[in-house]
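The values are calculated or read from the model by the stated rules, or taken from the named source; none is laboratory data. From a predicted model like this one, the values you see are computed outputs, not experimental measurements. Cβ atoms come from the backbone with ideal geometry, glycine included; neighbour counts cover every protein chain shown. Note: areas computed on protein heavy atoms with side chains; ligands, DNA, RNA excluded. Shrake-Rupley method; radii C 1.70, N 1.55, O 1.52, S 1.80 Å.
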Amino acid sequence: MLKQVYVNKTVLEAARERIEFIFDEFENIVVSISGGKDSTVLAHLTLVEANKRDRRIGLFFLDEEVVYDSTVEQIEYLMNLYPQNTIPLWFQIEFHLTNATSYQEGQLICWERGKHKVWMRSKKPYAIQHKPWDKAHETIRNKDKGFGFYDAIENFQRSRPDTAFLVGLRATESPNRWRAVSKNPGYKNIYWSTDIGNGSHTLYPLYDWNFHDIWKYIYDYKLRYSRIYDYMWRKGMNFQDIRVSSLIHEKSFHALVELPEFEPKTYDRLLKRLKGISIGHIYGKDARMLQARKLPKNHKSWREYRDFLLKTYPDPDKKHIFERRFSKQLDNDYVARQQCRQLILNDYENNLPVDNKPDPRIETIKKWRAIL
């Protein structure tokens, strides 16, 4: 569990000091933006400091194509907030993105050449539309899956040496990711940073902000934000569910449920762009099925249900990924229920990892039997 230590300083004061330090230390600064609340606040704080110093910073947005119109509008707003201090790095390049809503079309090639007629929208005239790095030195994590989202980010960062890349990661929202990036100091004994090589570092100036700090800053400085948040709030969603994210990854099903109501034109274009969207929209309404909480009545155990899902899995190229992964895990109902969830959500990338341990219910029963 992350421990919070309070000091005689507000998180806003601390963030401003961190950003001032970054400007003192680095000539080249790039802020990653997604159209969400955290990156909006980080971009504004950094742009204000850039304006004070009469400097220019990059705003980097890797466009996944299949995003809310509201996200596109927010990115445009940020790119034009301080135009004299902004280097627009709006990337609309071809890369692979997991489509968890379909077994038949498990990958979307964003901005695929030759398919401009079915793109979600046209490219921006000022966008970067071709990879700006040397393709001879391009790296790909998994060549079977092709050039993906994180490959694009890593190759972009590698192409810009001696650069500070600012990311709006907050410890309270992503504790596991925060632990992973803060194990060791990345730059000059600073634990809110990561050394990524080539003289470049990723830094997290908002790491100690919470949900309320972000919204207070947006309110106090009258910043525009994605109207998705207003819609989600009116729908009564929990704080942890109120977020801007991809429309087609393994956690996107709830977004697809609300999309026809919130952005009907986006939903209509998405239906034409990809297979599986309508199914994702329907299944997303049943939380019990998505979470594999209730065993279907035609199956006696989660293991039996898992075997059925594996047997009927329609994509032979990905089926072996699940089979190989499951063969290394325990064979009990506790693990099998989680494996069923991965199969239902088409999570062949293992983004929702299985808690591979003995069934706690069985262990509890054994404990009480020994006592009684």
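Beta bridges assigned by DSSP with both partners in the chain are antiparallel in approximately 35 percent of cases. Only the Cβ atoms of Lys and Arg (+1) and of Asp and Glu (-1) were treated as charged; on that basis the dipole of the range 96-138 about its Cα centre amounts to roughly 300 debye.
Solvent-accessible surface of the chain, taken per residue with a 1.4 Å probe and all protein chains present: 54 Å².
Within the accessible area of the chain, the carbon and sulfur atoms contribute 50%, probe 1.4 Å, all protein chains present. A dipole drawn for the range 286-372 from +1 and -1 charges on Cβ atoms has a positive end, and of F326, N350, Y313 the residue lying farthest that way is F326.
Calculated mean residue ellipticity at 222 nm for the chain: -12500 deg cm²/dmol, from DSSP H runs with n ≥ 4 weighted as -39500 (n - 2.57), summed, divided by the residue count and rounded to 500. Each Lys and Arg Cβ is given +1 and each Asp and Glu Cβ -1; about its Cα centre, the range 148-226 then shows a dipole of about 100 debye. Multiplying the residue separation of N356 and E304 by 0.36 nm and removing their Cα-Cα distance gives an extension gain of 17.0 nm.
Each residue of the chain gets 185 Å³ once the volume of the Cα convex hull is shared out per residue.
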